[in-house]
Amino acid sequence: MIRLFFFSLILLLSFCVCAQELMPPVINHSTKIYGAASQNWGISSDENGVIYVANKEGLLRYDGQRWELFKLPNKTIIRSVFSYKGKIYTGSYEEFGYWEQNEYGSLKYTSLTHLIKSSFNNEEFWQIIAHDNGIAFRSFGKLYIYQNGAIKTRQPDFLINSILSRGDKLYLGSNEGKLFILNEAGFTPVSENSTKNSNPINCLTLLNDEIFVGTRLKGIYKLSENQLIPWPDERLNKFLSTNELNKIEAFDGKKIVFGTIKGGVLSYDINTGEMQNYHRGNGLQNNTVLALKTDKKTLWIGLDNGIDEIDLNAPITYYSDKSGELGAVYDVAYFNNKIYLASNTGAHILDKNKRNFIPGSQGQVWNFSEVSGHLLANHNQGVFEVKDSNFVPITESSGSYRLDPIPNKPNFFLNSTYNGLQLFEVINQSVKFEGSLESPNTPIENIVFQNDNTLWAAHPYKGFFKLSLNLNQAKTEQLKSYGYDTIFTAYKTKIHKIKNEISFFNAERWFRYNAITDSIERFKNIANYDGYSLISEDPDYYWFKNREGNGLVYTNFTTDSIFVYEPLLENHLIKGHEKVIKLNDSIHLITLNEGYASVNLNRLTQSRKNEYLEPPTLNKFSSEKSSLSLLNKDIEIPNEEASQITIQVSAPSLDHPRFVYKLSNKRRAYSDDGI
């Protein structure tokens, strides 16, 4: 029995492509999508994965299905947000309090400022954290700690730019470049020194119980034995100083994520020094970061214009070129430690994340073939050898689709061309064109050998042939021609070898050649893959593309299979020319318009094992005229209001889930938007 592992944005994922290096997917939530102002000052999440955003117009809530905006009674800007134990705390101008969900699924606000006993004027609250069984609200001038129904006010003699709770201690980053802790005596310096030139400390984070200190213009420090020690990576500190550090967040036990004013987001591995920069040019909507929040595997980014999310440990990453110079990629080859791209604009080389066009290769390149240590390109004008950055012609007699080795003839290859078949031979480590075969005078897109002397050849548009190869006489003889008939109801047929069976894909159905009866019949063993075309050439594992819907399937037909669906991956596939290239047992590349995707199967299967398919949450229930309480187990709707009912559900921990519902009349249907 075959079990399917679903890795999907129908159930599990999504993306936006980036440039010049492999990057994880970026999802953009524009102002049009979430329906509020452009500026987003803070982000938090609850235990169910629901996201809350402090927006210029109010509090945004996102349950994975829909965005909702809730405004304060005084309509002021919300500057900070923090979800904690069922309440969503927010801070604004001369106001802070909390929101709770009511019985109808909406949020109700409760102000806490009436509990303040001290003077309270012209203050905005920029940060909220949990500390010592209480909630701390920070303005630049004071701390307000809400605990046991009362508020205590603490005022230092310095400006407070950031706060952090570790154990029973509350740390404060000051405008004068020193780190303090709050205790019964007041505010005590915890660092014996200050930052360089007393540069203001504007953000703090905790990674593996160690405090990292961020400054606006002098990079980052680590607190060690009461000393602020500059982090010894000049590249990192230069980037942060140049782009003005604004926010900092720890992630995954080994990374720190930095949000800047001018340079977008930087993900930094403290162990390896590896850095990835996300910016306006490779996926972000804006380079000015106002808020960061890590939520399980996802990084949420509040921007000066929009909200973005990134899966920093995504098993699928992307290379994309938005310049228009690359075009659609039809093949990828890894050769001599460099990546070569075959595209409709020519051949390109990727070396150290820099893409260069190979001169003389302009035009359609369909495929790469590695032959006896040579990299050959099947080009619209013929067959060329790629020598570093040179494109050297071997033959320009006809456009070429691909090269295939002849079984048990290790030095001989057949070239499928726009006008029949050609023979190539490797002589003294050089690839030689030996001429065209006497064969059907017709375009041949690809061939599949049945045995040493029998092959099947597919026409690129209609039909296919069974041929006998006579290598001594350099010719083929047509044994039979197949075309549109009662078996093959579409003109185009794809030919493959699956588990040593000559296989045909026509009109979304699979067929096989029966050598005993010399006939073609339905391929019953893979009938479950009707509607799925084969897009890879590995002899043991197979990638299929769903032709009747979305998604890819990776399988060997015997053990667990993997279903992969990402909307943006789907949108960038080249329809009819999808291709998967195996680099090693774990890494597979998928050709795309404007680039390619890299699939890490080990990471993908591991992420699937760690997933929890949460049950849907009921968020709202309403009739035609009124909202109904979610507290009632049995809901009765008057007949006059029952002509239309609305049910809103969500599964916040899943990306773009598909919901299934069944009515009492046994009608079963699907919903992608949770309504």
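The values are calculated or read from the model by the stated rules, or taken from the named source; none is laboratory data. Because the structure is a prediction, the values reported are computed rather than measured. Glycine gets a Cβ as well: all are built from the backbone with ideal geometry, and neighbour counts include every protein chain shown. We work out accessible area using only protein heavy atoms, side chains counted, and drop any ligands, DNA or RNA first. Shrake-Rupley method; radii C 1.70, N 1.55, O 1.52, S 1.80 Å.
What are the residue pairs meeting all of these: first residue in the stretch 568-584, first residue farther than 20 Å from Pro24 by Cβ, second residue in a loop (DSSP other than H, G, I, E, B) and acidic (Asp, Glu), Cβ atoms under 7 Å, and 6 or more apart or on different chains?
Close Cβ pairs (under 7 Å, with a partner that is in a loop (DSSP other than H, G, I, E, B) and acidic (Asp, Glu)) amount to Lys582/Asp538.
Run Phe384 past the list (1) open to solvent by 60 Å² or more (accessible area, probe 1.4 Å); (2) over 29 Å from Lys499 (Cα atoms); (3) aromatic (Phe, Trp, Tyr) and report the number of the one that doesn't hold.
Unmet for Phe384, out of (1) open to solvent by 60 Å² or more (accessible area, probe 1.4 Å); (2) over 29 Å from Lys499 (Cα atoms); (3) aromatic (Phe, Trp, Tyr): (1).
Condition check ((1) open to solvent by less than 70 Å² (accessible area, probe 1.4 Å); (2) under 24 Å from Tyr52 (Cα atoms); (3) modelled with pLDDT of 70 or more) across all residues:
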site	(1), (2), (3)
Phe621	yes, yes, yes
Leu631	no, yes, yes
Thr646	yes, yes, yes
Val649	yes, yes, yes
Leu654	yes, yes, yes
Pro657	yes, yes, yes
Asn665	no, no, yes
Gly674	yes, yes, no
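In this structure, is Ile590 of a type outside the set (Asp, Glu) and part of a strand (DSSP E or B)?
yes
Those residues that are touching a residue at least 12 places away in the same chain (Cβ under 8 Å), open to solvent by 40 Å² or more (accessible area, probe 1.4 Å) and outside any strand (DSSP E or B), I need them from the stretch 92-114; list them, please.
Across the stretch 92-114, the qualifying residues are Glu94, Glu103, Tyr104.
So the check is Cβ under 6 Å with 6+ separation or different chains; which pairs have a first residue in the stretch 361-378 that's polar (S, T, N, Q) and a second one that's crowded, with 23+ Cβ neighbours inside 10 Å?
Every condition considered, the pairs that remain are Ser361/Gly346; Ser361/Ala347; Gln362/Gly346; Asn367/Asp331; Asn367/Asn378; Ser369/Leu376; Asn378/Ser400.
Return the only residue of Asn193, Asn208 being touching a Gly at 6+ places or on another chain (Cβ under 7 Å) and more than 23 Å from Val81 (Cα to Cα).
Asn208
In the stretch 544-562, which residue that is among the aromatic types (Phe, Trp, Tyr) and open to solvent by 20 Å² or more (accessible area, probe 1.4 Å) is modelled with the highest pLDDT?
The selected residue is Tyr554.
What's the number of the only condition in (1) in contact (Cβ under 8 Å) with a residue 60 or more places away in the chain; (2) outside any strand (DSSP E or B); (3) closer than 30 Å to Ala37 by Cβ that Asn287 fails to meet?
With respect to (1) in contact (Cβ under 8 Å) with a residue 60 or more places away in the chain; (2) outside any strand (DSSP E or B); (3) closer than 30 Å to Ala37 by Cβ, Asn287 is out only on (1).
Mind listing just one residue for me: the one in the stretch 421-466 that is at pLDDT 95 or above and among the small types (Gly, Ala, Ser) and, of those, farthest from Ala490 (Cα to Cα)?
Ala457
Of everything in the stretch 54-89, what is of a type in the set (Gly, Ala, Ser) and at positive phi? Give them in sequence order.
Within the stretch 54-89, Gly58, Gly64, Gly86 meet the criteria.
Looking only at the stretch 553-574, decide whether some residue is under 30 Å from Thr646 (Cβ atoms), in a loop (DSSP other than H, G, I, E, B) and among the charged types (D, E, K, R).
Filtering the stretch 553-574 for residues under 30 Å from Thr646 (Cβ atoms) gives 565-568, 570-571.
Restricting the remaining residues to those that are in a loop (DSSP other than H, G, I, E, B) gives 566.
Those left that are additionally among the charged types (D, E, K, R): 566.
Yes: the stretch 553-574 contains one or more residues that are under 30 Å from Thr646 (Cβ atoms), in a loop (DSSP other than H, G, I, E, B) and among the charged types (D, E, K, R).
Of all residues in the stretch 115-155, which are surrounded by 15 or more Cβ atoms within 10 Å (Cβ to Cβ), in a strand (DSSP E or B) and of a type in the set (A, V, I, L, M, F, W, C)?
Hits for the stretch 115-155 are Ile128, Ile129, Ile135, Ala136, Phe137, Leu143, Ile145, Ile151.
Regarding the stretch 446-453, can at least one residue be identified that is among the polar types (S, T, N, Q) and within 22 Å of Glu370 (Cβ to Cβ)?
Checking the stretch 446-453: at least one residue is among the polar types (S, T, N, Q) and within 22 Å of Glu370 (Cβ to Cβ).
In the stretch 521-543, what residues are buried (at least 20 other Cβ atoms within 10 Å of the Cβ) and either among the charged types (D, E, K, R) or assigned to a strand (DSSP E or B) (or both)?
Result: Tyr532, Leu534, Tyr542, Trp543.
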